[in-house]
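Just below is one structure, and these are the notes that go with it.
The values are calculated or read from the model by the stated rules, or taken from the named source; none is laboratory data. The shown structure was predicted, so the numbers you read here are calculated from the model rather than taken from an experiment. Every residue, glycine as well, gets a Cβ built from its backbone with ideal geometry; the counts of neighbours run over all protein chains shown. SASA here: full protein model, heavy atoms, side chains in, ligands and nucleic acids out. Shrake-Rupley method; radii C 1.70, N 1.55, O 1.52, S 1.80 Å.
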Amino acid sequence: MAFSRESKEVDLDTIEGTVESTGDSEVRCQKQKFIIKISEKIKILDFKKRQKNSKSPGTPSVELDFKENLEQNRLAEAQQQLVKAEECLFGSKEVGRTEDEEDKLHIDYEIFILHLRLAIYDSFSEDSKETLKSALTSILKEEAQDRRWMEVSEDQRPKWRPTGCRQIHDTLLQTTVEERMKNADEEENNTDILSTSLKREVFRMGKIVQKDLLRVVRNLRECYPPDFDICRTYAQLYHQTFSTRLQELARSKISSEDCLYILSWIVEYYPKDVLKHKELEEHINSSSLGPLLPEEDLKRLEEQYFSYKENEIRNWLSNALEKEAEKWSDGIEPELMDGYYFSNLAIDVLPLVDGAVKDVNTLLSCESKARSFLNQLDSFLQSYKTSLEELVKRKQENIPKTLFATLVNIYQFRDYVQKPEHPFTEDTRKACLSTLADLKNICHRYFLSHIHTELKPLYRKLWTPVWFAGHCEVVEELVKALESNIDNFKELKSVCREELMAELHLEVMVEYVRRMMKRKLKLKDKEQQEAAAEFICHDSNQICSVFARVGCREEWFCQILPKLSEILRLQDPGSLQLEIVTLARDYPDMSEQHIIALLNLKTNLSSSDLRRIKKCLSENRGTLDTLESSTSIFFSKVLIKWKII
C-alpha cells in the first residue's frame, strides 16, 4: 500500500506511477513538473493528526475553494468542484483548453484521490465518520461521472477517466484488512496465557476479526450507502484473510496441541463465538462465508488430532491402572475421605474419557470415532478385573480397605456407563456392565465368603431340634454375629455398603431356607407346625431388623419367610393347595423340588393330599400370571441336593 499509518510524507513514487499510467508521452515529459506542483500543493505531513484537529465536514459559512475543502475533509464538495472544472474544460468543443489547464486539473484529481485513499484507510478511526461519509458520497458521484465519460470516445475523454474510485475503495479495504490482520499482534495483547506462538497468533487474528466487524456494524455501517453492502463485504474480506493464514498454518508441520487449537477455532470459537455475536448476527450471514479451511486441509487436521487423542487415551488408561496396581503392590492404603475409603482411579479416568468423547463429537462430528474411546474403556475395565483378581489372591493386610475403595470406583464407573447420554453402542455398554458386575462380585465374594465361613457353625443349628427347642438363643447368636461383621463395613461408602449388605441379606435368607429344606427337622402335628411358623416369622423379623439398620431396602427379602410360614400353619388341604399356587406365582423359580421339600416338613400331610397339591400346581403353573421382578431369582439360589422320587 502506498500510504501507511505511520507515514509522515506523501509517497511521490506512487503518485508518479499514477500519473504515468494515465498520461501520454507529453505528460511523462512533464512528470517532474507535476511532482513539484503536487508537493507544493499538499502540505499534509501528518494526515491523521490533521484529521483529528480539523473540523468535520459541514456546511461552511463562506464558500470554500478546492484546497480549503480538502483541508476540511469536505471530499464530496471538492469532488464537485473538480467535476465542474472538468465540464468547463471538456464539456464543449467550442471552448478551448490549454495543456497547463489540463495538467493542473489532472494534478488536482490526483490530490483528491490521495485524500480519498487516506479517508478510506483511516475509516476505523473513532472521529472519521463524517469524513468517510463525504468520501463515499464523492465515490458514488465519481462512478456516475465515469459512466458518463464512457459514452464519449476515448480521444475526447480526460486522460484520468475513468478514475475507478470504487475499485480503489474496494482494493484499499482488502489491503487495510490484510494489514490489520497481519498487525493483530499489536492490537491484542492478552494472549500470554496461551502456550504456543501459533495459538497466540490464531487467537489474536480471531479477536481482531470480531473486534473490527463490531466496529463496522456499530460505526461504519451507517456511513455507507446500502448498495455497498459493507457488512457483508468486510465479513468476506476478514473471513478470506483469516482463512488464507489458517491454510498456511495447517499445511505446515504443527504439533497435535496446535492442531487441536486450530480445529477448535474452526468448529467452535469462530462460528459460534465470533460470528454469532448478537450484534453481528443481524447484519452478517455467516453461512454464506464458506468454510475456513478446504476439505482436504480439514480432514488432515482431523486425522492428526484423532490419532493423537486415541493414543493419548490409551496411554492415560494404561498409566492410571498401572499406578493403581503399584499402590496395591506397595501396600499403600487408600485415602479416607468423609469417613470412607476411596480411590482416585474413576475420577481420574472418567473425565478424561468423557472429555475426549465430547471433543471428538464436537470437533469431528463423528460419533463412531467418539465411541472408539468408549471401547477403550471396556478394554481398560477388563484389565482392571485381571489386576483385581490377582490382588485378592495375595495375603495383604490392607486388602479390605483397598476393596472398599475399589467398590467406590466400580460404582462410579457403572453410574457413567448406565447413563443414556453417553454414546455407548449397546454391545459395548453391555460388555462394560458385565465386567463391572464381575468386578463387584470379586469384591463381594472376598467379604461375604469370610462372613459365611464365620457364620457356618450358626447356620448348622437352624432348623434342627436345637433350634426348635430354643430358637431364640440360636437366632440371637446369629444376629450378634451378623451385627459384628456388618460393623466392619462402616468405612465403606454408604451406597456401596447397602449393595453389599443387600447381597449378604439375600444370602442369609437363602441359607436359612436351604437349612429349612434339608429335612433335619420333622413337624409331626398341628402344634409343632404352628410353633415353627411362629418361630420363622420371629427369625425373619430379627434378621431383617439387622439389615434395615444399615439401610437395606429390599423389602421382599422380609416377605419370604412369612409366606413360607403360612404353608406350615395351614392344615386344610384346600387352603394349603391355594397357598402353594400363590407361592409359585410369586416366586416363578420355585421348583417342584422346593415345594415337596417344604411340604415334607409336615409329616401329617397324607400322600393323597400331596399328590393333589402337586397335580393342582402342575395344571396351574402354565397359566399363572407370574411377577417379573427380582423375586424370581431367590429359589434358584436355594440348592436342594437330594432328589424327590
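Measuring nothing but how far apart in sequence close Cα pairs (under 8 Å, 6+ apart) lie, relative to its length, the range 335-386 scores a relative contact order of 23 percent. Its convex hull of Cα atoms gives the chain a direction-averaged projected area, equal to a quarter of the hull surface, of 46.7 nm². Computed extension gain for Lys641 through Glu303, at 0.36 nm per residue and net of the alpha carbon distance, reaches 115.6 nm. Measuring against 22 Å, Cα to Cα, the residue pairs Lys419/Lys440; Lys524/Lys615; Lys327/Lys419 contain Lys524/Lys615; Lys327/Lys419 as the ones spanning a longer distance. Between Lys84 and Asn600, the distance separating the two model label sites (each 7 Å from Cα on the Cα→Cβ line) works out to 12.7 nm.
Distance from the Cα centroid of the range 509-575 to that of the range 390-445 is 34 Å (rounded to whole angstrom). Per residue, the chain exposes 50 Å² of solvent-accessible protein surface, assessed with a 1.4 angstrom probe and all protein chains in place. With q set to 0.10, 0.11, 0.19, 0.21 Å⁻¹, the log10 of I(q)/I(0) for the range 65-183, from the Debye formula over equal scatterers at the Cα positions, is -0.33, -0.39, -1.02, -1.19.
Its relative contact order, with pairs defined as Cα atoms under 8 Å and 6+ residues apart, puts the chain at 7 percent. With bins 10 Å wide beginning at 0, the percent of Cα pairs of the range 192-293 falling in each bin runs 15, 48, 27, 10, 1. Among the protein heavy atoms, those of Glu566 account for about 50 Å² of accessible surface (1.4 Å probe, every chain in place). Which value in deg cm²/dmol, rounded to the nearest 500, describes the helix-derived mean residue ellipticity at 222 nm for the chain, given -39,500 (n - 2.57) per DSSP H run of n ≥ 4 and division by the residue count? Per the formula, -22000 deg cm²/dmol.
For the range 462-637, the Kirkwood estimate of the hydrodynamic radius, built from every pair of different alpha carbons, is 17.1 Å. Taking all protein chains as they are arranged and a probe of 1.4 Å, the heavy atoms of Ser618 leave approximately 90 Å² accessible to solvent. Estimated at the nearest 10 Å², the accessible area of Ser591 is 40 Å² with a 1.4 Å probe. Just the protein heavy atoms count here, and of the accessible area of the range 300-443 at 1.4 Å, carbon and sulfur take up 46 percent. Evaluated over the range 60-187, the count of Lys pairs having alpha-carbon atoms less than 25 Å apart is 20 (only pairs 8 or more residues apart or interchain).
For the range 228-372, the relative contact order is 25 percent, taking Cα pairs closer than 8 Å that sit 6 or more residues apart in sequence and dividing their mean separation by the residue count.
Here the simple spin-label model places points 7 Å from the Cα toward Cβ, and for Glu530 and Lys393 these points are separated by 5.9 nm. Can you list residues whose amide H is under 5 Å from Leu523's amide H, if they're 5+ apart or on another chain and H is modeled 1.01 Å from N? Under 5 Å from the amide H of Leu523 lie the amide H atoms of Thr603, each far enough along the sequence or on another chain. Of Val479, Val267, the order by accessible heavy-atom surface (1.4 Å probe, DNA, RNA and ligands excluded), from most exposed downward, is Val267, Val479.
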